[in-house]
Amino acid sequence: MARSLANEPLQALYASTLVRTQITAAPLGRLHGLDVTVLDGLHEIEAGALEKLTDHESHKRYIGTVVSWIAGDLEVSMPAGPSGHDFFARFDAAVANVAAQADALGHDAVAIVSHGAAIRTWTGRRAHGLEPDFATTHVLENTGIVALEGTPATGWELIHWDGSPVGGLALSDPTAEDPTGQRPDAP
């Protein structure tokens with residue numbers, strides 16, 4: 001992750017309260033000369049009664065709940081755990097906190113190190129212009145990077161999703177025609 005973000009003009013770095021995100025963020029912090037600010041609310045999606053269960057049905061139920069949230073059904077809850085409303089309330093508050101700090105300090109670029117399902121779910125629901133199934137069909141690997149631009153007030157534009165073309169597969173083919181019928185490499 002640090003190598004991937006080496007040329008980004010990062011001015012602040014945040015991580016969840018779970019130690020593994022802080023360990024992941026540390027090389028990036030060293031590279032940019034930034035301290036890692038630990039922030040509540042950025043932690044992974046709690047699994048409720050499914051926590052630490054490794055059977056296929058439990059995994060399926062966890063993922064099914066997350067997919068429901070991405071699709072907009074925030075009433076669904078993890079068994080004995082949070083609902084979509086709960087998850088988005090706490091993650092939205094954490095992102096708003098980061099944005100407020102960035103605004104107050106004049107920072108244009110910050111990094112948040114969180115957890116795959118949380119990033120995938122939040123981005124899938126909050127980023128403008130995504131196809132409905134994009135976040136459910138695009139896995140986010142460990143240390144995968146999602147880049148967004150925007151603010152809590154104006155909304156979020158997805159710039160990059162861990163190597164997947166955000167605007168559709170045609171964007172990944174430099175010889176493909178664009179919607180105007182022009183080849184991107186044409187003069």
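When each full DSSP H helix of the chain is screened for a Cα extent of at least 30 Å along its own axis and an average Kyte-Doolittle hydropathy of at least 0.0, the helices passing are 84-105. The radius of gyration of the Cα set in region 12-107, together with its Dmax, comes out at 15.9, 47 angstrom. Using a probe of 1.4 angstrom and keeping all protein chains present, the accessible surface of region 38-121 works out to 50 square angstrom per residue. Projected label points at residue 131 and residue 80, each 7 Å from Cα along the beta carbon direction, are separated by 4.0 nanometres. Centre-to-centre separation between the Cα atoms of region 132-158 and those of region 83-119: 12 Å.
For the chain, what does the relative contact order come out to in percent, with C-alpha contacts under 8 Å and a separation of six or more?
On the way: 264 pairs, mean separation 37.3, N = 187.
Worked out over the chain, it gives 20 percent.
Tell me the net charge near residue 149. Cut-off is 15 Å between Cβ atoms, residue 149 excluded, with +1 for each Lys or Arg and -1 for each Asp or Glu. Walk me through the numbers on the way to the answer.
Working: positive: 126; negative: 8, 103, 108, 157.
Cβ neighbours under 15 Å give a net charge of -3.
Per-residue ellipticity at 222 nm computed for the chain from its helices equals -11000 deg cm²/dmol, with DSSP H segments shorter than 4 residues left out and the rest contributing -39,500 (n - 2.57). Ignoring the sites themselves, the chain has its longest run without GluC sites (Glu not before Pro) in a DSSP loop having at most 12 other Cβ atoms within 10 Å at 1-74. Applying 1/(1 + (r/R0)^6) with r as the Cβ-Cβ distance of residue 7 and residue 105 and R0 = 22 angstrom yields a FRET efficiency of 0.55.
Which of 39, 148, 105 ends up with the largest GNM mean-square fluctuation for the chain, with Cα atoms connected below 10 Å? Evaluated over the chain, the most mobile residue of the options is 105. Springs between Cα atoms under 10 Å define the GNM used for the chain, and in it the highest mean-square fluctuation of 70, 45, 23 occurs at 23. Label separation (residue 151 vs residue 139): 3.8 nm, computed from points 7 Å beyond Cα along the C-beta direction.
Among beta bridges identified by DSSP and lying wholly in the chain, the antiparallel ones come to about 45 percent.
What's the longest bit of the chain with no exposed trypsin sites (Lys or Arg not before Pro), using DSSP loop states and at most 14 other Cβ atoms within 10 Å as the test? Don't skip to the answer; put the middle values down first.
On the way: sites that count: 3, 52.
No qualifying site falls inside 53-187, the longest such stretch.
What is the local net charge at residue 83, summed over the other residues whose Cβ is closer than 10 Å to its Cβ (Lys, Arg +1; Asp, Glu -1)?
Numbers: positive: none; negative: 73, 75, 86.
Around residue 83, the surrounding residues sum to -3.
Direction-averaged projected area, Cα convex hull, the chain: 12.6 nm², rounded to one decimal.
The values are calculated or read from the model by the stated rules, or taken from the named source; none is laboratory data. Because the structure is a prediction, the values reported are computed rather than measured. Cβ: placed from backbone, ideal geometry, glycine included. Neighbour counts: every protein chain shown. SASA here: full protein model, heavy atoms, side chains in, ligands and nucleic acids out. Shrake-Rupley method; radii C 1.70, N 1.55, O 1.52, S 1.80 Å.
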